[in-house]
Amino acid sequence: MAYRRRATAGNRGNAEPVKPGGSSSRGAAEHQLVLADRTVSFRLKRGSSRGIWLSIRGDEGLIVAAGPRASMTDIETVLRRHARWLEKRLREYERARRQLLADDGTPRTLYRGQWIPIHLASQTNTCRLERGTLQVPIQGDPRSLLRDWYRSQARKELGAMSSLLAAEMGVRYQRLQIRLQRTRWGSYSVRGTLSLNWRLLMAPPEVSRYVVVHELAHARHMNHSSSFWRTVQRFCPEYRQHIDWLRENRLLLEALSSFSHLTSGSRKDSAPR
C-alpha cells in the first residue's frame with residue numbers, strides 16, 4: 001500500500017550531503033538530507049535488491065531501500081532527482097500525521113469511519129468503547145492493547161459481514177484470517193482462505209464492505225478480468241469511489257494503526273466528554 005518509486009542514480013546535483021542519524025527500532029539507519037529549502041528525513045534499509053526504491057508509509061515516513069552496491073552519493077542523487085515527487089508525497093504524509101490529534105491535543109483514532117478520542121485510563125483492564133470514547137488501560141503497552149482490540153473487533157464485525165456477503169454472492173470461503181497486512185487490504189487464496197486487514201475497521205463500513213466483496217469475488221474469478229469486475233460491480237455498484245477512499249486515506253490509516261501518537265502527554269483519567 002505504500003507509495004513506491006524505483007529510481008536510478010545519475011549525475012550528482014546540488015543537494016546538501018546526506019547526514020547519518022541513529023538507528024530505528026525497525027533496524028533501518030536514519031538519515032537527513034537538505035533538499036532545496038527542506039530537510040528531508042528518511043530511513044535507509046539495505047537489502048539484496050538491485051537499484052534504489054523510494055516509498056512513503058504513514059507509520060514510518062520516507063523509506064529508501066537500496067542494494068549493497070548503492071553509495072550514499074547515489075542515494076543523494078536519486079532523492080534530488082525525485083524531489084518533486086517527494087515534495088508531493090511528503091505533504092500528504094504530513095497532512096495525515098496532523099490528523100492524529102484533535103484540536104485540543106487529544107489523541108484520536110478512526111472507528112468505522114468516525115473520529116473517536118482515545119482516553120488512557122487506570123480504572124479499566126481492557127479496551128472498550130464507552131460514550132463515544134475509546135477507553136484504553138494505561139497499564140502495560142497501550143499500543144499493543146489497541147492493536148489487539150482492533151483485531152478482535154475486526155474478527156467479529158468483518159467476520160459477520162463476510163458471512164452475510166458470501167451467502168448473498170453464492171460463494172464460500174474455508175476460513176477467515178484477520179491480520180495487519182502491510183501491502184494489501186485483503187486477499188483470497190486458492191485454498192479458500194479469506195484474509196482481511198484489521199485496518200479496515202477504521203474505514204467507513206461501505207468501504208470495508210467493498211473490500212470483502214472484492215476478495216469474495218475471487219472465489220469465482222482468481223484474476224482481475226472483466227468478469228471479475230462485473231461481479232464486483234453487481235454487488236457493490238459504487239466500488240470505484242471506495243477504491244478512491246482507500247487510496248486517498250492509506251497514509252492516514254497507516255499512521256493511525258501504529259498508534260505512535262499515544263505519548264505520556266495523552267489525556268488520562270479525565271471523564272469522557
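What follows is calculated from the coordinates using simple rules that are stated; it is not laboratory data. Quick caveat, the model's predicted, so the values are computed rather than measured. FYI the Cβ positions are ideal-geometry reconstructions off the backbone, even for glycines, and counts take in every protein chain you see.
Only Cα pairs under 8 Å and at least 6 apart count here; give the relative contact order of the chain as a rounded whole percent.
18
Please label the shape of the chain as rounded, prolate or oblate, based on the square roots a ≥ b ≥ c of the eigenvalues of the alpha-carbon gyration tensor (a/c under 1.5 means rounded; beyond that, a/b larger than b/c means prolate, else oblate).
The shape class here is oblate.
For segment 108-258, rounded, prolate or oblate, judged on the Cα gyration tensor with a ≥ b ≥ c (square roots of eigenvalues), a/c < 1.5 rounded, else prolate if a/b > b/c?
Since a/c reaches 1.5 and a/b is larger than b/c, the shape of segment 108-258 is classed as prolate.
Going by how many other beta carbons lie within 10 Å of each one, how would you line up 45, 88, fewest first?
Going from sparsest to densest Cβ surroundings: 88, 45.
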